[in-house]
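Only one structure is covered here, and it is reproduced in the block below.
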Amino acid sequence: MDTVAYRSSGSHRSPVATSMAPHASGATLLFRQTAAHRVLHSDELLRMIIRFVSSAASYTDEECEAKATLASLAVVSSALSEPALEELWSFVPDIGPLLLLCDASTALQVPTPERSPRLFKYTSCIKGLILMSGKVPESLLDPSLHVMFPRLQELHWNVFFNPFVQPFSQFVVPGLKTLNIDIDLPIAIDTPSETDEESGAVDEEVLTELKALPDVLAGTVMDALCAAKARSSTTLTDLRLYWANIPLASPAEGIINVIQSLTRLESLYLDVRVLACSRDALCIFSTLPVLKTLEIVNPGQLPVKPLHLNPVHDGFAVLDKLTLELPALHALYIFLRLSQCALSLGSCRVILIGEASHEVQLAIAESVMGKFRRATPHAILFDFSNYDEFKTTHRRSVISPISPVVFPYLCAMSLVDVRLRKVAPGTVTDALCALLAKAWPRLRKLYLHPDFYADFAAGNSNGARGSLLTLRGLRSFAEGCPDLSNVIIMLDAAGEHWADEAQSLRQLTSPRPVKLRLGMSPVTSATAVAVYLSRCFSSIKRLQFGENDGPPARREMPFQQAEWKCLRALLLHGP
């Protein structure tokens, strides 16, 4: 009796099956067929296994190992080969693997299924593709080749460092769902100085090409968007246009009109300079019937001319998430243009770039409260910086800390997810935490950091203890927010008195494990802090300290590192 352990192709029989037949009874073979062997006959179960191997990598950052596992599965059995290869080729992060499939003739001729069968076999599996402009062979840029990617759903087109712009509209295929266009060229497109001209440092031909680059980029992007309008208008749900460090040319005016035709858009990420091209930009976006996420940003923090937009009176019927990452006055202006529109947001993120006066912050806070108080958003994020000053040395600008004037307005909203970074020193006190905890009983996630960088910039290397809340403030959130599960906070936990204070506190019961990240919080007695925290949270799933979060002056402190390590051991593993 022969038993085929794996699905076979043609007359091929698995050697495992052949070796099993003489040594197994019929009952044993039947049992094996009804267990592991049947899995190999089920396409659904096989693909579930393959997807598990692939998805596990995204959570463990072991992508290379997962790809190696998929490759092994592809050659170990004909049953596993097809689904493993499909998953292995489902997302291609660069053009390199495709070039390996091209024969010598592909470099000179447009590939066809007959001429390049291996190339077409695997491109038919690709669902996600990242292309770097300047790296794609000319033969693969033929407009007829959109048939090469029949299952493509996600396309990333990047222009980084290399100013050679290639067309990519042929990759915008029917059925495309996500189109990400990332342009980041740190190239100065200016008139050369007299010194440069005299020294011959500037090639006139190169300079001419650089000056034409914004128009070339805008034209290339427009061609791709027009292709999306023609081929993918009923399927495209996500559009991202990141355009940093290079002027936005006049052809970009047509981008707004093309976006209007993409009626299935659910997520739109856009340069604020595109809005400056049309007074009706916001009004047009408001007509997109299923738009759920709108992000308006200032990539590269380039100068932005004043906006002149018509007010929005209605629309944005299902808009759930709004992000404004802009200079303060531009963010305020957009809020004012939306003042007459009845939005029902689930989350709002405001990232102010550069200086923001108390008056401007107050006006934005009033706009947020007036627009979203009735909608009770699940999240509101006031982040007045979109980069870490301690890790980034370029593009540094003046950052205004969050003013105390915004807190009365934030207390008027029942928030669930709150991120407040770089709060003005001295603002976050234990008393304020008690008020916030009372105002946000549904709070689940909290990110609350003072602007301690200002203390170090002023020469106070130890930080301003008075500007930090203490463990008492954290206790207020533990008492008033029973659903709290994720906390990122800076506090003063120094001293040995916390164990004595904890004796008078009742033990709180956490309905779910809590994750704590305490940044550069000073701890001088791990034992005392452990006693206090254990009274606040009955179950702590994770405890982290931001060893790399603070200024260099506070890193690499052996004593502090030892206390943090001891505290983690006491709370996560017990005494």
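FYI, it's all coordinate maths here, none of it is from the lab. Just so you know, these numbers come straight off a predicted model, no measurement behind them. Glycine gets a Cβ as well: all are built from the backbone with ideal geometry, and neighbour counts include every protein chain shown.
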Task: Simple spin-label estimate for Ser539 and Lys305 in nanometres, 7 Å along Cα-Cβ - done: 5.8 nm
Task: 5 Å-binned pair-distance histogram of segment 70-129 (Cα, whole percent) - done: 4, 19, 23, 23, 18, 9, 3, 0
Open item on the list: I need the semi-axes of the equivalent ellipsoid of segment 213-308: take the C-alpha gyration tensor, multiply each eigenvalue by 5, square-root it, list largest first in whole angstrom.
Closed with: 21, 16, 12
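May I ask which of Lys135/Lys229; Lys135/Lys177; Lys127/Lys321; Lys422/Lys445; Lys67/Lys541; Lys177/Lys229 have a Cα-Cα span longer than 21 Å here? Could you put the intermediate results ahead of the total?
Values: Lys135/Lys229 26 Å; Lys135/Lys177 24 Å; Lys127/Lys321 26 Å; Lys422/Lys445 17 Å; Lys67/Lys541 30 Å; Lys177/Lys229 12 Å.
The answer is Lys135/Lys229; Lys135/Lys177; Lys127/Lys321; Lys67/Lys541.
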Open item on the list: List the residues, sorted by chain then number, that are 5 or more residues from Ala244 or on another chain and whose placed amide H is less than 5 Å from its amide H.
Closed with: Ile183, Asp184, Leu185
Task: Label-point gap, in nm, between Asn257 and Val147 - each point 7 angstrom along Cα→Cβ - done: 3.2 nm
- [ ] Pop out the ³J(HN,Hα) list for segment 79-96 in order, Karplus 6.51 cos²θ - 1.76 cosθ + 1.60 with θ = phi - 60°, rounded to Hz; leave Gly and Pro as x.
- [x] 5, 8, 4, 5, x, 5, 5, 4, 5, 4, 9, 5, 9, 10, x, 7, 6, x
Task: Gln544 long-range amide H proximity, modeled H, under 5 Å - done: Leu516, Arg517, Leu518
Task: FRET efficiency for Gln561 and Arg349, using Cβ-Cβ distance with R0 set to 41 Å, rounded to 0.05 - done: 0.80
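What FRET efficiency would be calculated for the residue pair Asp223, Ser72, taking the C-beta separation as r and a Förster radius of 45 Å, to the nearest 0.05?
0.60
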TODO: List the residues whose amide H sits under 5 Å from the amide H of Leu491, counting only those 5 or more places along or on another chain, with H placed 1.01 Å from N in the peptide plane.
DONE: Ser521
Task: segment 480-549, relative contact order in percent, only Cα pairs under 8 angstrom and at least six apart counted - done: 41 percent
TODO: Apply 1/(1 + (r/R0)^6) to the Cβ-Cβ distance of Ser357 and Tyr242, taking R0 = 25 Å, and write down the FRET efficiency to the nearest 0.05.
DONE: 0.30
TODO: Between Ala342 and Ala230, with labels modelled 7 Å along Cα→Cβ, what's the label distance in nm to one decimal, could you check?
DONE: 4.2 nm
Open item on the list: Multiplying the sequence separation of Glu204 and Glu366 by 0.36 nm and subtracting their Cα-Cα distance, what value in nm do you get?
Closed with: 53.1 nm
TODO: With both partners inside segment 211-298, how many of the DSSP beta bridges are antiparallel, as a percent to the nearest 5?
DONE: 0 percent
TODO: Put one equal scatterer on each alpha carbon of segment 468-535, apply the Debye formula with no solvent term, and list log10 I(q)/I(0) at q = 0.14, 0.16, 0.24, 0.28 1/Å to two decimals.
DONE: -0.38, -0.51, -1.18, -1.48
